[in-house]
1. Stretched out fully, how many nm does the piece from Ala11 to Lys60 gain, at 0.36 nm a residue minus the Cα gap?
2. When the dipole is taken about the Cα centre of segment 22-82, and only Lys, Arg (+1) and Asp, Glu (-1) are charged at their Cβ, what size is it in debye, to the nearest 20?
3. Using only Cα positions of segment 7-61, each an equal point scatterer, no hydration layer, compute I(q)/I(0) via Debye at q = 0.20, 0.28 Å⁻¹ and quote the log10 values to two decimals.
4. Which ³J(HN,Hα) values, rounded to whole Hz and listed in residue order, are derived for segment 37-47 from phi using the Karplus coefficients 6.51, -1.76 and 1.60 in 6.51 cos²θ - 1.76 cosθ + 1.60 with θ = phi - 60°, glycine and proline given as x?
5. I'd like to know which of Leu71, Phe28, Gln15 lies farthest towards the positive end of the charge dipole of the chain, counting +1 on Cβ of Lys and Arg and -1 on Cβ of Asp and Glu.
6. Sorting Val36, Val14, Val26 on the 10 Å Cβ count, fewest up front, what's the list?
7. Please list, in order along segment 18-25, the HN-Hα scalar couplings obtained from phi with the Karplus expression 6.51 cos²θ - 1.76 cosθ + 1.60 (θ = phi - 60°), rounded to whole Hz, x for Gly and Pro.
8. Could you work out [θ]222 nm for the chain from helices alone, using -39500 (n - 2.57) per DSSP H run of at least four and dividing by all its residues? Round to the nearest 500 deg cm²/dmol.
Amino acid sequence: MDIPQGNRIDASLVQQLEIGMSRNQVKFLLGTPAIVDLYQPDQWHYIYYLKTGDDGEIEKKRMTLTFSNDLLSKIEGNLNPG
């Protein structure tokens, strides 16, 4: 049995992200982030783990979005497959 955890986000949604989007636009597009650090509230972390049941292999993906003046200013990482 496969065990997925975190934010499973379609690649087409990630491609729609644009610098300058508001927090509400990002949340509408991708959903609530897995982690919002209380000490760094301008960073949102989207994380996805998949442990496959066949071989126990673990797939890890992460994406960090940084906001400046409540607008998306930086995208690091990727949740796309591959």
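1. 16.1 nm
2. Value, rounded to 20: 200 debye.
3. Result of the Debye calculation: -0.82, -1.19.
4. 6, 4, 8, 9, x, 8, 10, 10, 10, 9, 10
5. Looking along the dipole axis, the top candidate is Leu71.
6. Taking fewest neighbouring Cβ atoms as first place, the list is Val36, Val14, Val26.
7. Per-residue couplings from phi come out as 9, 4, x, 5, 7, 4, 5, 5 Hz.
8. Here the helix-only value at 222 nm equals -4000 deg cm²/dmol.
Since every read-out is calculated from the coordinates, none of them should be taken as a lab result. No experiment lies behind these values; they were computed from the predicted model shown. All Cβ positions, even for glycine, are placed from backbone atoms using ideal geometry, and neighbour counts span all protein chains on display.
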